[in-house]
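Structure, as structure tokens:
Quick note: the coordinates plus some simple rules give every number you see, no bench work behind them. A quick note: this is a predicted structure, and the numbers were derived from the prediction, not measured.
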Amino acid sequence: MNLIIGTLSSIVDNVPLVAGAIGMYPVATETMLAAASDPVYLSNFTQDGIFWQFLAYCAGVGGSMLIIGSAAGVVVMGLERINFIWYLKNISLMALTGYLSGAAIYIIQSLIF
């Protein structure tokens, strides 16, 4: 789900996407953990849990796949006269590779540690 939110973040502002995810997946409390049938899984949704960290990564870095997906990209587009097609041809594949590589490393790291 987070990878999809990150991909959408390259087109849509990431603030409403993250707000929607917060609405879909509420932060788990101690009471919810105690009542859960699988508290280990639910612990991913506690404050600063793995789910929320990965959501922040995906929403933040996913916005760099397209130049219009981040405020910095829009500023550079105006200052350096970079157009959308040039960025799509020359940068987007590298940004996608970095995004997916970082996501894979984060998932592997969270499984090991």
Query - Residue-averaged 222 nm ellipticity for the chain, from DSSP H runs of 4+ at -39500 (n - 2.57), nearest 500 - result: -20500 deg cm²/dmol
Report summary line: At q = 0.20 1/Å the base-10 log of I(q)/I(0) from the Debye formula over the alpha-carbon atoms of segment 2-112 is -1.02
Report task. May I ask you to compute the full-extension gain from Ser110 to Ala19, defined as 0.36 nm times their residue separation minus their alpha-carbon distance, rounded to one decimal in nm? Result -> 30.4 nm
**Report entry** Helical segments meeting 20 Å axial Cα length and Kyte-Doolittle 1.0 threshold in the chain (DSSP H)
**Finding:** 92-112
